[in-house]
Amino acid sequence: MAGTIALPLQQFIASLDGSCLPKILQVCSGVYFQGSIYEISGSEVCFSTGDLIKVIGIELLSVCCEDIGNNEKFELPINHTGLFKVVPEEMPYTTIEEMVSLRPVGLESCLPFTFTSRSKMTFDDVMLGAGTALTVLSIERREGEEAKVRCHVKGQQEASAEVCIPLSSQGEFIERENEERFTLQEIMSSPCLRSRRFRFINTTKCERPLILSPIYQVHAIMSLRKNVLKFPSSLEVDVIDVTELSKDVNFVTPLSLSEVISQPGESFPAVVEILERPETRSLFKCSWIPGLSLSSHLIFHKTGNSTMILLSSLKSRKAAQYFLVSQQYGGRFRRRPREFNSVYELYVASTQVPGLKVSVTRNCEEAEEEGLPALSVGEQLEVVRCERMELPCESSKGQKQSVDALLCQRLPEPDDGDDDDDDGDGEVRQGDEREEILLPLYMQGHFVEVLTDNKKYRLRDLGKEFNLPLDVKVVSRDTEVETDPLVGIACLRIEGTMSEPTIQASFPHRPEHCFEIPTQWLSMSVCFTKDPLPWPSGQPPKCQVDRVTEVTDHFFYEFRKQGNSDEAPPPRPPKPNLSLSKSCKKSSSKAAKKSVKSKHRPDKKAPTKELADLTLNGKRRPPAPPPPAIFDDQPPPVAPRKHSGDKEKIGKALPNTYVEREESQRKVSLHDVTADVDSDHDYETVDETLVEMMKTARENIMFY
């Protein structure tokens, strides 16, 4: 390491090119003395003199701005929206090539820029005086010739010309301040710009020149640590580059599952150690998840791509379950009819299954104003197509409204064979019975799919022959697995399929019992070890792979978000005409009040004799009052025996036969009740009598 120059960590990381990583650094000196321990961003970091650090990645976090005048420092985020100007160098350049080399490369705003010369120059019979402003327009490089800069010269009386100056021209060249503006992103992306000084365009913030330095988050590993360290490059540590001298040092290299997939095939099978276990809130709910603990070992047999099918149980179960099932699952399925809770769901299903037939499972009342037809339980419908329909009701602007609707045909009921009509009449009637109805897409309803298919299918065949989602039931289990969790579930829904990169893995104590890890859905860090495989050399066990993996509802929701991000929401019902609806409600309420009044209140113009016949005529007995309310903790009332009729009581009101009454207190005489034609309240006497009768009935029940 003799002759190696020690640099501050900040300076060394800033000069690094990401393509040259990894780099091995050795800690020389700094405030991180022997045995010091620091916690940075939740990660414990310990640097000692002589420690080796293997830098495997850098990530730009922010920019450190240092004021040259007072050495003050402050940080700006990398997405800072402010603009900066280059501060011209005070020392003159000796050649034009030196001045041009400090210009940023690859930025369109780098040209043109202006400079002056302190001495006279002559090029191609053109003499330029001292102090003449030269604006560089382009750099011309031709094979076999010396590179030149093409400059624009503005002379006296607004005269202008162009001149080509060789890059090797010597003299004293001074750069003038230009109107070039740069963002922090542009400055940090150019090594040439990073070496320049800048000032804010908004001079109220900082007028003095600034030196801008990037601050990176360093991703590194150490020889005695297994996890990845993350620390800022601004730590006050001096380091030296010992990459060439430390090639034989063994560093544990943490790998994500995605990086494991990219390893060559000859790396497997291998024993790996878990350096970072999966998150606590896992997307998986299977038996092998608890075994993925910190420092535990796994056997990675091989990698590949697997086609998996996501299944879910119906919501009728107490807790919905979700499964990732391999396409190699050996059980048999039978289709089950799907249920739909709206016409829109019918429409979505009909786009995938032409000629869809359903049966109505719940009555639906007709609503003529909203265009909703009446549906009865048991009716069968065949979906034809989607079209526009006009609603009977008008909008608030008085215009006709049209909505999307599903055109369906009512299928005829099956013939029971009792009809003796001739064949010709039967054909005409059957054609007439296929009535066409329009169901608005916003209509709520309850339907079930009509199926005639009783065939058994393999899982991989269902995805080829039918569109998803699809409701199925397991009718025969997979005999090659120990336990089949799909057996016993009344109905499963095939939600979709996915092709995932997977790792076939097992635990060392059961190397033959394998499971597949979908690398895109599980995040953990592992490292390859040199531990021997738990079987004789060249005699790998016959692996039995789990074909059903239970997942959580969080996995299901993430899957649905990926697949249905552009799905349109169901349509809304049209807005009703508020004025019409209010008038309809007002008229209906008036009609209801009128009908109620007519029941309790006879017309004033009715004759007195007819009114008396309706209320007090002994030949036409008035209806009995409603029975009193009976409470659960009291016996029902007992009706007394009926006495034989008396001729003297023919013209009097009959007593209530439901309860006993005291005749001295409750006798009602014909002379006591007189019908007043001029009174608007001639029915109040009868109402009061009924109230008294109800009251007495309750008292008799209480004293029973």
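Values quoted throughout were computed directly from the atomic coordinates according to the rules given, and no laboratory measurement underlies them. In this text, all values refer to a predicted model and were calculated from it rather than measured experimentally. Positions of Cβ are generated from backbone atoms using ideal geometry, with glycine treated the same way; all protein chains shown enter the neighbour counts.
Below are the figures for this structure:
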item	result
Residue-wise HN-Hα coupling along region 497-508, computed from phi with Karplus coefficients 6.51, -1.76, 1.60 (Hz; x: Gly, Pro)	10, 8, 10, 10, x, 10, 10, 7, 10, 7, 8, x
Highest-first arrangement of 382-391, 440-449, where packing means the average Cβ count within 10 Å	440-449, 382-391
Residue-count net charge about S29 - beta-carbon cut-off 14 Å; Lys, Arg +1, Asp, Glu -1	-3
Relative contact order (percent, whole number), region 428-557, Cα cutoff 8 Å, 6+ residue spacing	17 percent
Additional length obtainable on full extension of the chain from T483 to S48, 0.36 nm per residue less Cα span	151.2 nm
Estimated vicinal HN-Hα couplings, Hz - region 267-279 in sequence order (Karplus 6.51, -1.76, 1.60; Gly, Pro = x)	6, 10, x, 8, 9, 10, 10, 7, 8, 9, 6, x, 4
Fewest-first sequence of C514, C192, C20 by Cβ atoms within 10 Å of each Cβ	C20, C192, C514
Cα-Cα over 23 Å, subset of K247/K530; K473/K542; K54/K530; K285/K561; K285/K318; K318/K473	K473/K542
For peptides 146-153, 480-487, sequence by mean Cβ density within 10 Å, most packed first	146-153, 480-487
³J(HN,Hα), Karplus 6.51/-1.76/1.60, whole Hz, each residue of region 451-459, x for Gly, Pro	10, 10, 8, 10, 7, 9, 10, 7, 5
Rounded, prolate or oblate (a/c below 1.5 giving rounded, otherwise prolate when a/b exceeds b/c) for region 185-344 by Cα gyration tensor	oblate
Ranked H509, H219, criterion: other C-beta atoms within 10 Å, fewest first	H509, H219
Potential extension, A490-K542 segment - 0.36 nm per residue separation minus Cα distance	15.4 nm
